[in-house]
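The values are calculated or read from the model by the stated rules, or taken from the named source; none is laboratory data. Worth saying up front: this structure is predicted, and the values here are computed from it rather than measured. Every residue, glycine among them, receives a Cβ derived from its backbone with ideal geometry; neighbour counts consider all protein chains shown.
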Amino acid sequence: MRPLGNTLRASPRWRNAASLRSSVWTVTQRPAIPASAPDRVAVRLRAAADGTRALLHTGPDAVYVDLDGRALGVVGRHAWQVPCALRTRLDALPAVRSAAVVGGVLHLDDVPVRVGRVVSAQVGVRPLVLSGAVVEPATLVGSGAGLTPYGDDVLCGYLAAHRAAGRATDDLDAEVTGLLPRTTVLSATLLECAMRGEVLPEVADLIAAWGTPAAAAAAAALLRVGSSSGAGLLEGARWALAA
């Protein structure tokens, strides 16, 4: 694997205390990982305090770290482009043992992931007819297994459809927010994203195609997301939207 990142190596010319203050520091430059990010993710990262961050998940396609109680992802080109992640063009992410924020930049081990472009994760708003179906968040939040329980995925699809229709759900949002501690950090983060209308591209594509001949293909693409996440998101959107 080709090493990435910046490493610092102290090379003092003298060994006494006075001369250590004027030591020469040799910097070995390695390229950063370039990334794009949804605008709110970029703002959160720039405002984050320096320090180490706990790893929530590591893998060749996606890494998630705990950024002040919410998940921050770094995803490769073949991963699902979740709205809480820095998006890279890497075919595979390097193996990661630690994470830290330094000067508003996330470092995986010693490798900076630099945001060079801000992208939108917002679902498009368009005239949509809502079904009027009501969900019970107490039975959904945290219901299921994995990093994103199925019940949370259903809620994300339902909330995203309402945002696309331009419909506020203040009471539901408040109830969901109060229930977030019962689910995973990543799922809680994605629910907060959905309440703001921030979604996966596949969800945005489905809602943009809703009611058109392209909807079937968009639904099929969404179903391919994760092992069950796409099915949950699709179910939630279908609950919310009139046929």
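Cβ separations smaller than 8 Å between residues 6+ apart or across chains give the following pairs from the stretch 159-183 residues that are in contact (Cβ under 8 Å) with a residue 24 or more places away in the chain to residues that are surrounded by fewer than 16 Cβ atoms within 10 Å (Cβ to Cβ) and assigned to a helix (DSSP H, G or I): 175/138; 179/138.
Please work out if residue 166 is at pLDDT below 95, surrounded by fewer than 19 Cβ atoms within 10 Å (Cβ to Cβ), part of a loop (DSSP other than H, G, I, E, B) and outside the structural domain of residue 56 (by TED's automatic domain parsing).
No; evaluated as a whole, the condition is false for this residue.
Consider the stretch 201-243 and keep the residues that are touching a Gly at 6+ places or on another chain (Cβ under 6 Å) and aliphatic (A, V, I, L, M). The one that is farthest from residue 123 (Cα to Cα) is 223. Taken over the stretch 57-70, the criterion of being in contact with a helix residue (DSSP H, G or I) (Cβ under 9 Å, 6 or more places away or on another chain) and closer than 11 Å to residue 96 by Cα is satisfied by 57, 64.
Quick check: is even one residue across the stretch 123-136 part of a strand (DSSP E or B), modelled with pLDDT of 95 or more and not basic (Lys, Arg)?
yes
I'd like to know if the stretch 135-146 contains one or more residues that are under 28 Å from residue 51 (Cβ atoms), surrounded by 15 or more Cβ atoms within 10 Å (Cβ to Cβ) and among the β-branched types (Val, Ile, Thr). There is no residue in the stretch 135-146 that is under 28 Å from residue 51 (Cβ atoms), surrounded by 15 or more Cβ atoms within 10 Å (Cβ to Cβ) and among the β-branched types (Val, Ile, Thr).
Residue by residue through the stretch 85-110, note down the ones that are in a strand (DSSP E or B) and either over 19 Å from the mean Cα position of the chain (by Cα) or among the acidic types (Asp, Glu) (or both).
Hit for the stretch 85-110 is 102, nothing else.
Could you say whether any residue in the stretch 211-223 is within 18 Å of the chain's Cα centre (by Cα) and on the phi < 0 side of the Ramachandran plot? Yes; the residues of the stretch 211-223 include at least one that is within 18 Å of the chain's Cα centre (by Cα) and on the phi < 0 side of the Ramachandran plot. Each residue in the stretch 88-121 was checked for being β-branched (Val, Ile, Thr) and free of Cβ contacts under 8 Å to residues at least 60 places away in the same chain, and 4 pass.
With respect to (1) in the same structural domain as residue 211 (by TED's automatic domain parsing); (2) more than 23 Å from residue 196 (Cα to Cα), the lone exception for residue 61 is condition (1).
May I ask you to say which residue of 155, 180, 130 is within 25 Å of residue 243 (Cβ to Cβ), crowded, with 19+ Cβ neighbours inside 10 Å, touching a helix residue (DSSP H, G or I) at 6+ places or on another chain (Cβ under 7 Å) and not small (Gly, Ala, Ser)? Break it down stepwise before answering.
Values: 180 fails: within 25 Å of residue 243 (Cβ to Cβ); 130 fails: crowded, with 19+ Cβ neighbours inside 10 Å.
Residue meeting the stated conditions: 155.
Assigned to a loop (DSSP other than H, G, I, E, B) and at pLDDT 95 or above: is that true of residue 116 in this structure? For residue 116, the condition - assigned to a loop (DSSP other than H, G, I, E, B) and at pLDDT 95 or above - is not met. A search for C-beta distances below 7 Å between a residue of the stretch 215-233 that is part of a helix (DSSP H, G or I) and any residue that is among the hydroxyl-bearing types (Ser, Thr, Tyr), counting only pairs 6+ apart in sequence or on different chains, returns 229/148; 232/150.
Can we say residue 133 is in contact with a Cys (Cβ under 9 Å, 6 or more places away or on another chain) and not β-branched (Val, Ile, Thr)? Reasoning before the result, please.
On the way: in contact with a Cys (Cβ under 9 Å, 6 or more places away or on another chain): no; not β-branched (Val, Ile, Thr): yes.
Considered against the rule, which asks whether it is in contact with a Cys (Cβ under 9 Å, 6 or more places away or on another chain) and not β-branched (Val, Ile, Thr), residue 133 comes out as no.
The condition (being assigned by TED's automatic domain parsing to the domain that holds residue 233, buried (at least 24 other Cβ atoms within 10 Å of the Cβ) and assigned to a helix (DSSP H, G or I)) is satisfied by just one residue among 194, 188, 204: 194.
Of all residues in the stretch 75-87, those that are over 15 Å from residue 199 (Cβ atoms) have Cβ atoms under 6 Å from Cβ atoms of residues that are modelled with pLDDT of 95 or more and of a type in the set (Ser, Thr, Tyr), 6 or more apart or on another chain, in 76/88.
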